[in-house]
Amino acid sequence: MSQEAIRDDSARVPLIYDPRVRSAFFQVLLVVLLGFGIWWIVENTIENLSRSNISTGFGFLRGRAGFDIANTLIAYSSDSSYGQALVVGVLNTLVVAAAGIVTATIIGFLVGIGRLSNNWLIRKLATVYVELFRNIPPLLVILFWYQGVLSLLPSVRQSIPLPLGSYLNNRGFYLPSLTWGPGFWLILAGLVIAVALVWYVARRAHARQMATGQQFPVFWVSVLLIVGLPLLAFLLAGMPVTVEFPQKGTFNLTGGTNIKPEFLSLYLALSFYTASFIAEIVRAGVLGVPRGQTEAYSALGLRPGKGLRLVIVPQAMRIIIPPLTSQYLNLTKNSSLAVAIGFPDLYAIGGTILNQTGQAIEVVVIFMVVYLSISIITSLLMNWFNAKMALPER
Amino acid sequence: MQEHDMSWVRTEMVLAQAAPRSQVGVAAWLQKNLFASAVDTAMTLVALLAIAWALPHILNWLFFDAVWTGTDRTACLTTEQGGQLPAGWSGACWPFVGSRFGQFMFGRYPYDERWRVMLAGALFLVLLVPLLIPRVPYKRLNAILFFGVFPFVCFWLLVGGFLGLRYVETPLWGGLMVTLVLSYVGIVVSLPLGILLALGRRSHMPIVKLLSVIFIEAVRGVPLVTVLFMASFMLPLFVPPGMTFDKLLRALIGVALFASAYMAEVVRGGLQAIPKGQYEGADSLGLGYWQKMGFIVMPQALTLVIPGIVNTFIGMFKDTTLVLIISMFDLLGVVKQNISGDPTWATPQTAKTGYVFAAAIFWIFCFGMSRYSQFMERRLATSHKR
């Protein structure tokens, strides 16, 4: 058969059986349907908005907010604008997410390692913790802490005194606050110099070990530097710090730093909840390193501590980091549950603004943009960390 | 060749001896599992102390000091709060749960019509249990009934308004019933939608792929609260004026869309794990796209990701609690409403009792699901296992 004949043969296939034609047809159909759907939605929305006299656009952000916010990190009053209120909300979301991530990671790693412990009791306790917390909705845990535990604490007059001059009552946790005097920069400078020195020492020690095989106690030197230099600076600057203890008044505690029960409930619940997932991730990561690796470092004469640090953990981290990232993102997203107990995070403040102005679309767009950017930034950071931890492969 | 004298080899077997005392028995187990080293001993002691401190507190609160009978708040108040219990008393207030149990299960569903909910629940169980036990036959018929027929029967029973049943509007719904309805609909809708989205994401058609990716990533990037918020505030804006959406329906749409984005990622994981040869094998048999996916790829891919699918279900079951934020009353919402809005049972212990009760119910469901998925995983692990 000649080339011509084959071409003729294929040309006779009906158009509807040609995969390219079909795929083009379906995609065009999809685009048309979608375009029609969007047009319909936009048309309806414009109609609905003009009926309820809501102007579109982000101009409302400059309007006066008119409501107060309990937890603020930046200067804010009810005279501030909606935009500033949203910034306060974003900052609160970030603070609770960051605090939760740190605590959840610590608890999660401890419990995860506990589940692998040789100690039967510790293993069982860790299992109970994981099975208990990951099977209960986080919102329930938040409400439990808020309404079930923290609001039952004694009133201000009967505050529970805690060590270091702090108090616990139903208005939250009162801590002594530190006020830094002049000369604070000296301590910061000491810290910066210490970190730089540690970096230098670690490099030199590594180079020397590579060249001569002699080891250098990097860890203890680093601790000494990082604690010692700022301390020295602190003493040299004449101890420029005043500690302000919370004072018990008749109706309130004055002075010190107050951590509100809303923040505490949210922070505790998110940390404990996410920690149960992180524990499972850590366990899977450590179990994912083949047993031969343990035998290999023992055969090389490394002691368990060092073997864990140099052989097992770097390999386990490769398995742990990707799912850990998604847990961090989950925690950040779950911080929006704050609205249930009135902690003013982005979501709660956005909701208030929406109720006042009726700008539903703009507020939802702001939500999506902020949460998506937090997600993207966190994943980029964790991907970078992942790339650093990945073992170079051939 | 030299003769070897083999007499140093034993001629009879040594009799088996009992294992050394240090290797078996209670003492050996304790030594190995609790007191292997100084650090272990210290940890064991600390853990024992913690348990000895916490467990009596927990048991006393739950059972021994708890109040079991009563008609209102005075049953659970101490003398200084106006009741009869000794000062400093702390314990669960179970009569609160007892007197509100109907609400916790059905919300404000009319009392005379509750048999409909119970009947729907019973049907649900009758169809679900045989579906879950592998040995029971007629799986195909069972699945068609459960996923295809049951939703309509359930709609008729719960909503009513035709075929002789009184109409019960959804704002009256509440409690565990709403939790289960949300989860069931979420599961039934999200699995097929998730499969379609996953196929779309791996499709060779650029526009289909782009749209799937945008949908999945946008939904996964925002909290469910935001999706629910959109569903409850923006959906009414999107439809022509005068057309209204039921609030429960809006929440259902939000939950189902949210879950399907996560489901899509789980299914995509399974699709990626199927070797290319399987796709090529299907192609060489002359199967079309849907035949290839339906008969060859999906059965293998879904089996692989059963744990992930069940995890998504569990996550969704827990996430249904968030509807309380858009002021709907699922189990947690009803419990919260009774705690903060009802003076009949306003005592310091009410909140704890109510939440412990709700937590127990959620825990039983989630733990059951995760155990079942482990069981299925072991059962279905026929290949791909090293």
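This model, with +1 at the C-beta of Lys and Arg and -1 at the C-beta of Asp and Glu, gives the protein assembly as shown a dipole about its Cα centre of some 1200 debye. Summary of packing: across the peptides A:312-322, B:32-42, the per-residue average of other C-beta atoms within 10 Å ranks them, highest first, as A:312-322, B:32-42.
Bridging of B:Lys247 to lysines at a Cα separation below 28 Å is possible for A:Lys333, B:Lys318, B:Lys336, once same-chain residues fewer than 8 apart are set aside. Cβ screening of the protein assembly as shown for cysteine pairs under 4.7 Å finds these without a partner: B:Cys154, B:Cys366. Note that the protein assembly as shown shows a convex hull volume over its alpha carbon atoms of 336 Å³ per residue. Just report the Cα centroid separation between region B:315-368 and region A:205-262, whole Å. Taking the Cα centre of each part, region B:315-368 and region A:205-262 sit 43 Å apart. Counts of other chain beta carbons within 10 angstrom of each beta carbon in peptide B:237-243 average 5. Legend: mean number of C-beta atoms from other chains within 10 angstrom of residue C-beta atoms, peptide B:224-234, equals 6. Among B:Tyr289, B:Tyr109, A:Tyr347, A:Tyr17, sorting on how many other beta-carbon atoms sit within 10 Å of each Cβ, with the fewest leading, yields A:Tyr17, B:Tyr289, B:Tyr109, A:Tyr347.
Its DSSP H runs of at least 4 residues, each contributing -39,500 (n - 2.57), put the calculated 222 nm mean residue ellipticity of the protein assembly as shown at -20500 deg cm²/dmol, to the nearest 500. Between the amide H of B:Val305 and any residue lying 5 or more places away or on another chain, no distance stays under 5 Å, with hydrogens modeled in the peptide plane. The HN-Hα couplings worked out from phi for region B:37-43 by the Karplus form 6.51 cos²θ - 1.76 cosθ + 1.60 (θ = phi - 60°) are 9, 4, 4, 4, 4, 4, 4 Hz, whole numbers, x standing for Gly and Pro. With the crude spin-label approximation of a point 7 Å out along Cα→Cβ, what separation in nm comes out for B:Thr303 versus A:Asn53? Once both label points are built, they end up 6.5 nm from each other.
Within region B:266-386, the ratio Rg/Rh, alpha carbon atoms throughout and Rh by Kirkwood, equals 1.24. When the Cα positions of A:Tyr297, A:Tyr17, B:Cys76 are compared along the charge dipole of the protein assembly as shown, A:Tyr297 comes out farthest toward the positive end, with charges on each C-beta of Lys, Arg, Asp and Glu.
Peptide B:276-284 shows a mean partner chain C-beta count of 0 within 10 Å per residue C-beta.
Please work out the Cα center distance from region A:48-91 to region B:163-225, rounded to the nearest Å. Cα centres, region A:48-91 to region B:163-225: 32 Å.
Amide H to amide H, which residues 5 or more places from A:Ala65 or on other chains are under 5 Å from it, using H placed in the peptide plane? Residues meeting the criterion, in which the H sits 1.01 Å from N, are A:Ser80, A:Ser81, A:Tyr82. Remark on chain B: ratio of C-alpha radius of gyration to 2.2 N^0.38 Å is 1.37. For region B:174-379, just say rounded, prolate or oblate: build the C-alpha gyration tensor, square-root its eigenvalues into a ≥ b ≥ c, call rounded for a/c under 1.5, and beyond that prolate if a/b exceeds b/c, oblate if not. Judged from the Cα gyration tensor, region B:174-379 comes out oblate (a/c at least 1.5, b/c at or above a/b).
Judged by the ratio a/c of the largest to the smallest principal axis of the C-alpha gyration tensor, region A:61-208 counts as oblate, that ratio being 1.5 or greater while a/b is no larger than b/c. For chain B, the residue among B:Ala54, B:Val168, B:Cys93 whose Cα projects farthest onto the positive side of the dipole built from Cβ charges is B:Val168. The calculated pair-distance distribution of region A:177-244 uses every alpha carbon pair, bins of 10 angstrom beginning at 0, and gives 22, 37, 24, 13, 5, 0 percent.
Net charge dipole, chain A: roughly 1400 debye, given to the nearest 20, about the Cα centre with Cβ charges of +1 for Lys and Arg and -1 for Asp and Glu. Taken along its principal axes, the alpha carbon cloud of chain A reaches lengths of 93, 70, 45 Å, longest axis first. Suppose we keep just the DSSP beta bridges with both residues in the protein assembly as shown; what percent of those would be antiparallel, to 5? Given both bridge residues lie in the protein assembly as shown, the antiparallel proportion sits at roughly 85 percent.
Read-outs throughout are calculated quantities, based only on the coordinates presented, and are distinct from any laboratory measurement. Values in this document were obtained by computation on a predicted structure and should not be read as measured data. Using ideal geometry, Cβ is built from the backbone for each residue, glycine included, and neighbour counts are taken over all protein chains shown.
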